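None of the figures in this text is laboratory data; all of them are computed from the coordinates on show. Fair warning: this is a prediction, and the values are worked out from it, not measured in the lab. Positions of Cβ are generated from backbone atoms using ideal geometry, with glycine treated the same way; all protein chains shown enter the neighbour counts.
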Amino acid sequence: MALFKKPDTAVARIDAASRGGNKKSLPPGAEPLVAEAQKAFAAGRLDEAAEKYQAILKLDSENVFALANLAVVQLEQQKHSEAEANLKRALEL
């Protein structure tokens with residue numbers, strides 16, 4: 001039944017992140033990278049997901065969305081100090 005179907009949250013996250021002109025918005029052309037990162041993360045391909053978020057940060061080094069999501073990946077990879085640094089940086093922006 002459609003009422004009980006889970007919404008496609010990946011699309012919602014991309015749409016929400018791409019709106020606006022602040023540091024939370026995605027740089028132009030980053031939407032495919034986000035989709036690939038989210039798919040990789042969901043499949044447990046953490047190195048690939050991290051690479052995609054790092055690619056977004058090459059486009060915009062102050063992107064809060066990419067920093068926070070990279071930190072989540074790093075937490076899963078047990079890279080706690082790197083995750084902490086990225087979260088602190090995101091909070092400072």
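Of the residues contained in the range 71-89, one or more are found to be in contact (Cβ under 8 Å) with a residue 12 or more places away in the chain, out of contact with any Pro (no Cβ under 9 Å at 6 or more places or on another chain), within 15 Å of Ala35 (Cα to Cα) and surrounded by 14 or more Cβ atoms within 10 Å (Cβ to Cβ).
Out of the residues in the range 29-70 that are assigned to a loop (DSSP other than H, G, I, E, B) and without any contact (Cβ under 8 Å) to a residue 12 or more places away in the chain, which is nearest to Asn86 (Cα to Cα)?
Here is the first cut: in the range 29-70, the ones assigned to a loop (DSSP other than H, G, I, E, B) are 29-30, 43-45, 60-63.
This time we only want the ones that are without any contact (Cβ under 8 Å) to a residue 12 or more places away in the chain, so: 43-45, 61.
Working: Ala43: 23, Gly44: 20, Arg45: 20, Ser61: 11 Å.
Out of the qualifying residues, it is Ser61.
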